[in-house]
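The values are calculated or read from the model by the stated rules, or taken from the named source; none is laboratory data. Note that this is a predicted model, so its numbers are computed, not measured. All Cβ positions, glycine included, derive from the backbone under ideal geometry; neighbour counts span all protein chains shown.
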Amino acid sequence: MAIGRQSDPRDSDYERCKRCGWWRRLMGMKQILVVMVAATFAGCGDKEPLGNIKSLSSRPAPKQNITTKVIPKTLDSKHARKPNVLFIAVDDLNDWVGALGGHPQARTPNMDLLAKRGILFTQAYCSAPACNASRSSLLFGLQPSTTGIYSNGHDWRQVPLLKQAVNLPKHFKENGYLTLGAGKLFHAHTFFHERNLSGYSDPTAWVGYFPSKTQQMPAEATPKKWPVNSSRHFYRGHFDWSPLDIPNKEMADAKVVAWAKKQLAKKHDKPIFLSVGIYRPHVPWYAPQKYFDRFPLDQIKLPVHLVNDLEDLPPAGKAKAKRQWHQWITQNDQWKKAVQGYLASLSFADDMIGELVNALDKGPLADNTLIVFWGDHGYHLGEKESWEKFSLWEDTTHVPLIFVDPRQANAGKTCKVPVSLLDIYPTLVELCGLKLPPQKLEGDSLTSLLKKPATQLDRVVITTGGKGNHALRSQRYRYIRYADKSEELYDHENDPHEWKNLAGEPNSLSIKKSMARFLPRAEAEPPK
Ligand SMILES: [Ca+2]
Ligand SMILES: [Ca+2]
């Protein structure tokens, strides 16, 4: 961990925000460029004319076919109360959730129900495939290439640029909200040392926090002796999986949810922004026995994968895979057990979501609370001989993102437009009628897509995996450019698992060229 590291003096003013103005103009240009990409390579003759997403919100709202929610009159009036926000972050949640269909055995009825209550973005991507970089980007609304926060060791509190910016919960606080939180929101984890339970917290953002404003996470329930199934070579044994003989309430996440449920049961004299961080399915995959029992080992299906999938990758791509981990796991006959551990942890996390949403529904805030549900990045379980995160492929970058807005009448729709977790901040600013923060947000408000989820709009969104390494994702293509200029290109229309790297094909040149235009022009140095 890099807590206490010195900051970079080159970040001592708001120079980068000047670039943000440039960036905003580029975002406008991007839509035009995307037309070219889409029209040339994907065929978009029936697509709606493209423009800045925000401009769509000024168009007349379409007639909705499905009306499952009654819109409370108080929310529809000019003097509407500010909506509450239930902000749910699930750690290391990949696209195995039922609504995205990533694994046939995943059991996530509560997350799926949430998707039915709101809008599910089926092509949502993180800005960075690592907890800290993804969360810092989301919470400040800035790209990793703008802030220099690329990895888990980069403490946002040491970056001068961000000392002048306002993070999302703090912005809600400064706009009159009662900000409450529990569990991991800013980067933190349960490994190695107690201080990591605090992580890169911001005590000034909150009115109340559990366990405390300076400690984001409760300590982990663990077996008496660990690792149980894995090896001390992997995070000193924290990358491990095992059932626990304990009731739910002894799990750290259950303590977080119990506290959050109390907040949802109360009336408050201000609108609330309640952040709840669920740590599972982050490792260690320890969960009560009943969750493992839901996935009998002899029935576990391995994720869809291709043997020798890495053969057509450049060295920089191969280096992103965790082949040594994969080798150990397969040689020690742990692949199915690890998948069982993830599925069990995911099922446990899903129960936590169910408890939260039920508490909201039973309490006084139900009719006036937006829910934002997101995972910070994807996760590999053996695909491409890789485990966990930090790479730039679909499995690592694709995340669930759901907005539930009781004021909207189009519950249960999905939106296929590529979006980024970077879009959450500006979306919430607009949905809640907040002022703009001092930093120029680099995402786009998704409010027009929430109103018209069937909109056909191809965007290109960026995931950055360390300085100079980027994945660009359009509806159809993933183009990866590593710092050494080596490349990968995948056509999801014909290759949903990204098995065939097309970057070396002569006819891919124009696709790569068109997508490369969206690479960041400048990249901040990481904090020292
Ligand atoms: Ca994570
Ligand atoms: Ca391959």
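Quick grid of which residues meet (1) of a type in the set (A, V, I, L, M); (2) more than 16 Å from the chain's Cα centre (by Cα); (3) within 24 Å of Ser391 (Cα to Cα):
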{"site": "Ala99", "(1), (2), (3)": "yes, no, yes"}
{"site": "Gly102", "(1), (2), (3)": "no, no, yes"}
{"site": "Asn110", "(1), (2), (3)": "no, yes, no"}
{"site": "Phe121", "(1), (2), (3)": "no, no, yes"}
{"site": "Ala124", "(1), (2), (3)": "yes, no, yes"}
{"site": "Asn132", "(1), (2), (3)": "no, no, yes"}
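Under the condition of being closer than 27 Å to Cys432 by Cβ and either of a type in the set (Lys, Arg) or touching a Phe, Trp or Tyr at 6+ places or on another chain (Cβ under 6 Å) (or both), the residues counted in region 451-474 number 5. Among the residues of region 440-450, is there at least one that is within 16 Å of ligand 2 (Cβ to nearest atom) and modelled with pLDDT of 95 or more? Checked against the condition, which is being within 16 Å of ligand 2 (Cβ to nearest atom) and modelled with pLDDT of 95 or more, region 440-450 yields no hits at all.
Each residue in region 508-525 was checked for being aliphatic (A, V, I, L, M) and part of a loop (DSSP other than H, G, I, E, B), and 3 pass. Out of everything in region 354-364 that is assigned to a helix (DSSP H, G or I) and out of contact with any strand residue (DSSP E or B) (no Cβ under 7 Å at 6 or more places or on another chain), what residue ends up being surrounded by the most Cβ atoms within 10 Å (Cβ to Cβ)? Looking at the filtered set, the residue picked out is Val357.
Per the listing Arg478, Arg473, the residue uniquely crowded, with 19+ Cβ neighbours inside 10 Å and either over 23 Å from Gly141 (Cβ atoms) or of a type in the set (A, V, I, L, M, F, W, C) (or both) is Arg478. Hey, could you check region 328-346 for residues that are surrounded by fewer than 21 Cβ atoms within 10 Å (Cβ to Cβ) and either under 14 Å from His380 (Cβ atoms) or of a type in the set (Gly, Ala, Ser) (or both) and say which is nearest to the chain's Cα centre (by Cα)? Here the residue is Trp335.
Of the numbered criteria (1) away from ligand 1 (no atom under 15 Å from the Cβ); (2) closer than 30 Å to Gly412 by Cβ, the one Trp96 fails is (1).
Do you know which residues across region 371-399 are touching an Asp or Glu at 6+ places or on another chain (Cβ under 9 Å) and under 19 Å from Lys451 (Cα atoms)? Selection gives Ile371 alone.
Within region 371-382, how many residues turn out to be buried (at least 24 other Cβ atoms within 10 Å of the Cβ) and more than 14 Å from ligand 1 (Cβ to nearest atom)? Lay out the reasoning, then the answer.
Restricting attention to region 371-382, the residues satisfying the condition of being buried (at least 24 other Cβ atoms within 10 Å of the Cβ) are 373, 375-380.
Imposing the further condition that a residue be more than 14 Å from ligand 1 (Cβ to nearest atom) reduces the set to 373.
Residues in region 371-382 being buried (at least 24 other Cβ atoms within 10 Å of the Cβ) and more than 14 Å from ligand 1 (Cβ to nearest atom): 1 in total.
Of the listed requirements (1) within 16 Å of ligand 1 (Cβ to nearest atom); (2) assigned to a helix (DSSP H, G or I), Asp367 misses just one: (1).
Here region 150-172 is the region considered, the condition is being assigned to a loop (DSSP other than H, G, I, E, B) and in contact with a Pro (Cβ under 8 Å, 6 or more places away or on another chain), and the residue that is nearest to ligand 1 (Cβ to nearest atom) is Ser151.
Output the number of residues of region 300-326 satisfying the condition of being of a type in the set (A, V, I, L, M, F, W, C), near ligand 2 (Cβ under 9 Å from one of its atoms) and touching a strand residue (DSSP E or B) at 6+ places or on another chain (Cβ under 9 Å). Explain how you work it out, then say what you get.
Within region 300-326, the subset of a type in the set (A, V, I, L, M, F, W, C) is 300, 302, 304, 306-307, 310, 313, 316, 319, 321, 325.
Narrowing further to those that are near ligand 2 (Cβ under 9 Å from one of its atoms): 306, 310, 313.
Within this subset, residues satisfying the condition of being touching a strand residue (DSSP E or B) at 6+ places or on another chain (Cβ under 9 Å) are 313.
Going through region 300-326 one residue at a time, the tally reaches 1.
Which residues, taken from region 278-310, are of a type in the set (A, V, I, L, M), touching a Phe, Trp or Tyr at 6+ places or on another chain (Cβ under 7 Å) and within 16 Å of ligand 1 (Cβ to nearest atom)? Spell out the reasoning first.
First, the residues of region 278-310 that are of a type in the set (A, V, I, L, M): 278, 283, 287, 297, 300, 302, 304, 306-307, 310.
Keeping just the survivors that are touching a Phe, Trp or Tyr at 6+ places or on another chain (Cβ under 7 Å) gives 283, 287, 302, 306.
Within region 278-310, just Val283 meets the criteria.
Is it the case that region 433-444 has a residue that's surrounded by fewer than 23 Cβ atoms within 10 Å (Cβ to Cβ), touching an Asp or Glu at 6+ places or on another chain (Cβ under 8 Å) and more than 20 Å from His398 (Cβ to Cβ)? Checked against the condition, which is being surrounded by fewer than 23 Cβ atoms within 10 Å (Cβ to Cβ), touching an Asp or Glu at 6+ places or on another chain (Cβ under 8 Å) and more than 20 Å from His398 (Cβ to Cβ), region 433-444 yields no hits at all.
Residues in region 95-130 that are without any contact (Cβ under 8 Å) to a residue 60 or more places away in the chain and under 19 Å from Val357 (Cβ atoms): Gly98, Asp112.
Per-residue answers, yes or no, for (1) under 24 Å from Leu244 (Cα atoms); (2) modelled with pLDDT of 95 or more; (3) of a type in the set (D, E, K, R):
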site: Phe292; (1), (2), (3): yes, yes, no
site: His305; (1), (2), (3): no, yes, no
site: Glu311; (1), (2), (3): no, yes, yes
site: Ala321; (1), (2), (3): no, yes, no
site: Asp361; (1), (2), (3): no, yes, yes
site: Glu383; (1), (2), (3): no, yes, yes
site: Ser386; (1), (2), (3): no, yes, no
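For region 162-194, filtered to residues that are over 20 Å from Pro129 (Cα atoms) and modelled with pLDDT under 95, the residue that is surrounded by the most Cβ atoms within 10 Å (Cβ to Cβ) is Gln164.
Of all residues in region 458-507, those being among the acidic types (Asp, Glu), in a loop (DSSP other than H, G, I, E, B) and either within 16 Å of ligand 1 (Cβ to nearest atom) or at pLDDT 95 or above (or both) number 5. Every condition in (1) assigned to a helix (DSSP H, G or I); (2) more than 20 Å from Asn110 (Cα to Cα); (3) not aliphatic (A, V, I, L, M) holds for Phe348 except the one numbered (2).
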